[in-house]
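One structure is given here, and the rest of the page talks about it.
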Amino acid sequence: MNRFLLAAYPKDYRDRQGEEVLGCLSEAYPGRSWPPPREALALLRAGATARARAACENTSRPWWLEGVHLTALVLAALALVPYLQDVWHWALRIDPADHSVGFHHAGWFPWAQSAETQTRFLPYGLLPLICLVALVRGLRWIALPASAAMLMAGSGIAGSTLFGDEGVMGVGYYGLGAPLRSDDLVLSGLLLLACTVLAVHRPSPLRRRSYGWLVPAAAALFVAGSLHFTSTDPRFQLGQFAVEAAALTAAWALTAAAGDYRWLVPVAAFAVVRGEAIVNQPYLADSLPGNTVLLCLVLPIPLLAVTAQRRRKRTT
């Protein structure tokens, strides 16, 4: 199990010092395959820091291109989240019955049809999922048409019988963001812009991440689909809030460790998308005052910029 902790470090580090780290752990905790929780957490934190610094030391791609790539990954994941259950049920042909996502065109299943409902051919959530997988694997020419199809579906150009004409409805989770529906063109528009930049900038190949990066998405699909969690469920909303808060904290920690501006780009895009949804749909944000929420979304941007600048000053 100690080798599992070692996987948090970059490959070059594991090749140079991996056996030494394993030897130290064996000497410090003889007979144990897993160190105490505090030590394990310290190793994971050190591994994440080492990965961040190794990524910044790689000059084959400019930092802003890496930031745009991270932005596209964040936006694709954000667009997929409300439709996790819908994609899972469509893929496995499961009838969610009363747990169906709130579409006017709820699906291609026979039970989805009614007097005023036509059948969708595909779930809308399939588009951000394809885009997410393509971006993880660095396949820019697959991510670009998938993001363009998202924009077309949200604007109604693709027709209402292909992906449906609505999206997830309901109040925002704890006031921190109104639901991002398929017809919210700011999210899909920014994602299309990011994918276009990645496709146009040809000199630098995109980073190809391992399929392990898709494990959280697969786990989320399984949990939301098997437990019939929709985005209006309080448990779903609490989980999404925890994940987004943890992601913002991780962005700050990585910026403090590496002194790089790349994580500022996706944080700014996240703030724009969430802020626009709150401004245009204030009646859907139910818990906190809108100004408080907007302040919470905007504050991380200057915080990350100042953190990166201070880190750079200390290293020069």
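Throughout, read-outs are computed from the coordinates displayed, never taken from laboratory work. What you are looking at is a predicted structure, and each value in this text was computed from that prediction instead of being measured. Cβ placement follows ideal geometry from the backbone for every residue including glycine, while neighbour counts extend to all protein chains displayed.
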Per-residue HN-Hα couplings for region 59-72 [Karplus 6.51, -1.76, 1.60; θ = phi - 60°; Hz; x = Gly/Pro]: 9, 5, 10, x, 4, 5, 5, 4, x, 5, 4, 5, 4, 4
field: Ranked Trp90, Trp263, criterion: other C-beta atoms within 10 Å, fewest first
entry: Trp90, Trp263
